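Here's the structure we're looking at; comments come further down.
The values are calculated or read from the model by the stated rules, or taken from the named source; none is laboratory data. Note that the structure is predicted; figures quoted are calculated from it, not measured. Cβ atoms come from the backbone with ideal geometry, glycine included; neighbour counts cover every protein chain shown. Ligands, DNA and RNA are excluded from the accessible area calculation, which covers all protein heavy atoms including side chains. Shrake-Rupley method; radii C 1.70, N 1.55, O 1.52, S 1.80 Å.
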Amino acid sequence: MKPFRLTALVLALALCSGCGAPAPSPTPTPSAPPETSAAEAAVPFTLPRTAGSLHPILSTDKVNTALAGLMWEGLFALDQTFTPQPRLCQHYSVSEDGLTWTFSLRSGVAFSDGSPLTAADVTASLELSRSPQSRFAGRLNGVSGISAQDGAVVLTLSAPNAALPALLDIPIVKAGSDEVPPGTGPYRFTETDAGAALTARADWWQHLSLPAETIPLVTIQAADDLISAFDTEAISLVTADLTGTNALGFAGDHAVWDYPTTTMVFTGYNCQSGPCANAALRRALDRAWDRTTVAVALYSRHAQAATLPLHPVCADYDQTLAQRRDYSPQVFAQLLEEAGYVRKEDGLWYQGRRPLSLTLVVNTDNTFRLSAAEYLAGELLRSGVQVELQKLSWSEYQQRLTTGDFDLYLGAVSMTADFDPTPLLAPGGSLNFGGYQSAGTLALLSAWRSAAGAARKTAAQALWTDLENQVPFSTLCFKNQSVLTQWGTVSGLAPTQQDPFYGIEHWRFGS
C-alpha cells in the first residue's frame, strides 16, 4: 500500500510490532527490485533495539520483537489479508476427521549458523510457544499434541480447525540455543566493537535480493530515547499503534504505512438481565451506530469499519450481509418498534410506561475508545434512548464486566488470526461478560471452524446470519497499526501485523 504523509503531528503511540468510511484495503503493492543499497542511500537505514531479549518467542519487548521477521521464519507467514503463505512448510495434509495435521518441511533450509532445519527444531519451537512465558501463550490451546516425524511435524487438535495454518506463523528457532537463537530468515544478528547489526545471509534459502547488506541497530534505553532517535533520524523506522493507550509524541515529516490487525472494537451486551436480554432490542441497537464515523472520525482513519467479527479483508467476510447491517435511523426505529417499544411525544422510546434506559460503561485509559463511547451514547440519546455513560478506571471497568453490572460496554479484543470468536460466545468464555448462551450459535461456529474449501463460505454465511439475529455483541471496526519511516527514505513497504518487514525484498531505498 502507499503511505500517507504525517507532518508535525503529535501521535498517540504505543510501541508495537500486534475504527467512518473504511480505510482503503491495505493490499501489498510489489515494487521493482531495489536498485539502491542502504550503503548508497542518502540516509543510512537503521533500526532500533533495546537491551532486552531478542528471543522471538520469549521476548515481550515490542521494539525487539518487531525485528523478528528479519531473522526468523514460521511454517507460514500471514499476508495483509491474513491468508497464510507457506514458508518453512512445503505442503501439508489433514486427516478425514480434521484432527491430525501433518506439515512436511521444506528441504534445503539452513539456520544462520549453517545447521539444517529439522522437525525436532520445529517441534521444540512450537512447544516453547505454548509455555506461559511465551508471547504466543494460549494461541495453540486447541492443539493437544505436537510430534516430530522424519522431515515433518504432526499437530493433533482437540477439535477441528480448518484455519490452523493461520496460527502457525510462530518463529522457528534452533532448539536449545541462546538468547539470540539462529533463525532461517534473511538476516543474522551480528555484534562487533562497532556495534550490533543485521547482516544479510548469502545462504538464505529463498535466494531473493535484499535491499541492504547491513542494517545497523541503534540501542535505545527508554521511550524518550526512541522518540529522540527517530525525530533526529538516528533510526529510520518505528512501529506504532497510533490509537493506543500509552501516548508518546512523534513530530516531524514522516511517512505512515498502515496495516490491518486482528484488534476488534465492539459493543458488548448484557444478555442475561436488563433490557438487552431481549435479542430484538440488541438487533435494533446494532443499527444505531455508523461504523464509518467510528473508523474515520473517531479513530482518525487508523481503523476499518466492520459489522462482522472478522476483518473485512478476509475471504470469509460477507460484504452483502455486512452492507445490510449499515447504520440507518429509519431501520433503527423500525427494529425498536418490533422489539415492543413506542416513541412518545417527548421523543423518548417506551415499553409500557417505562422509558428505555441503558447504562453504557467504558474505561478511561484509552482516549480513542472513550471518544467512541461518547459518540455511541450521543447517538442513542439523539434517537430517543436514555443512556447513562459511566467512565471508569480500568480496575472498576473490569469489576463491572465481571459482575455483569452494565447494559452495554465498549471493549476491544486482540483476536487470533483465525478470528475465532469462541471466547465471546461460549458459556464461561473468557470474554463472554454478557453471559450469552446459544447451543445453535455454538453449533454453527463449530461447523464454520471445521469447514474447508467451498463449504467454508456456506458455513460462514450461516454463522454470520445467526449472529445478525442474536447479536451477542456488535462489531464496530478493526484497528490498524502503523509503520513510520522518514519521508522519502524507503518505499515498497507492505507491513503485516506480525512482520513490519513483510516482503522486504520489494523495498527500495531513496526517493
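Looking at the structure I just gave you, is Asp499 closer than 26 Å to Asp253 by Cβ and in contact with a helix residue (DSSP H, G or I) (Cβ under 6 Å, 6 or more places away or on another chain)?
For Asp499, the condition - closer than 26 Å to Asp253 by Cβ and in contact with a helix residue (DSSP H, G or I) (Cβ under 6 Å, 6 or more places away or on another chain) - is met.
Filter segment 453-485 for residues that are at pLDDT below 95 and in a loop (DSSP other than H, G, I, E, B) and give the result.
Gly453
Considering segment 153-209 alone, what residues qualify as being under 22 Å from Tyr502 (Cβ atoms), aliphatic (A, V, I, L, M) and not in a loop (DSSP other than H, G, I, E, B)?
Residues satisfying the conditions are Leu164, Ala166, Leu167, Ala197, Leu198, Ala200.
Please verify whether Gly411 is modelled with pLDDT of 95 or more, open to solvent by less than 20 Å² (accessible area, probe 1.4 Å), within 30 Å of Tyr375 (Cβ to Cβ) and assigned to a loop (DSSP other than H, G, I, E, B), treating the condition exactly as stated.
Against the criterion (modelled with pLDDT of 95 or more, open to solvent by less than 20 Å² (accessible area, probe 1.4 Å), within 30 Å of Tyr375 (Cβ to Cβ) and assigned to a loop (DSSP other than H, G, I, E, B)), Gly411 does not qualify.
When segment 104-152 is examined, which residues are found to be in a strand (DSSP E or B) and in contact with a helix residue (DSSP H, G or I) (Cβ under 9 Å, 6 or more places away or on another chain)?
Matches in segment 104-152: Leu105, Val143, Ile146, Ser147, Ala148, Gln149, Ala152.
Taking segment 96-112 only, how many residues are touching a strand residue (DSSP E or B) at 6+ places or on another chain (Cβ under 8 Å) and farther than 18 Å from Asp150 by Cα?
The total comes to 3.
Step by step: first the residues of segment 290-324, then only those that are open to solvent by less than 30 Å² (accessible area, probe 1.4 Å) and among the hydroxyl-bearing types (Ser, Thr, Tyr), then the one that is farthest from Arg449 (Cα to Cα). Which residue is that?
Tyr299
Do the conditions hold for Ala339, that is, is it closer than 25 Å to Gln272 by Cβ, touching a Cys at 6+ places or on another chain (Cβ under 8 Å) and modelled with pLDDT of 95 or more?
No: the conditions fail for Ala339.
Can you say whether Phe406 is part of a loop (DSSP other than H, G, I, E, B) and open to solvent by less than 20 Å² (accessible area, probe 1.4 Å), as far as the supplied structure shows?
Yes.
Quick one: how many residues across segment 83-93 are under 23 Å from Ala159 (Cβ atoms) and either crowded, with 17+ Cβ neighbours inside 10 Å or aromatic (Phe, Trp, Tyr) (or both)?
Total meeting the criteria: 3.
Table: residues versus (1) out of contact with any helix residue (DSSP H, G or I) (no Cβ under 9 Å at 6 or more places or on another chain); (2) farther than 20 Å from Leu285 by Cα; (3) open to solvent by less than 50 Å² (accessible area, probe 1.4 Å).
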| site | (1), (2), (3) |
| --- | --- |
| Ala372 | no, no, yes |
| Ser383 | no, no, yes |
| Leu392 | no, yes, yes |
| Glu396 | yes, yes, no |
| Asp420 | no, yes, yes |
| Asn432 | no, no, yes |
| Ser438 | no, no, yes |
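Please work out which residue is farthest from the chain's Cα centre (by Cα), limiting yourself to segment 132-147 and to residues that are open to solvent by 20 Å² or more (accessible area, probe 1.4 Å) and of a type in the set (Ser, Thr, Tyr).
Ranking the qualifying residues of segment 132-147, first place goes to Ser147.
Exactly one of these conditions fails for His55: (1) out of contact with any Asp or Glu (no Cβ under 6 Å at 6 or more places or on another chain); (2) of a type outside the set (A, V, I, L, M, F, W, C); (3) farther than 28 Å from Val313 by Cβ. Give me its number.
Condition not satisfied by His55: (1).
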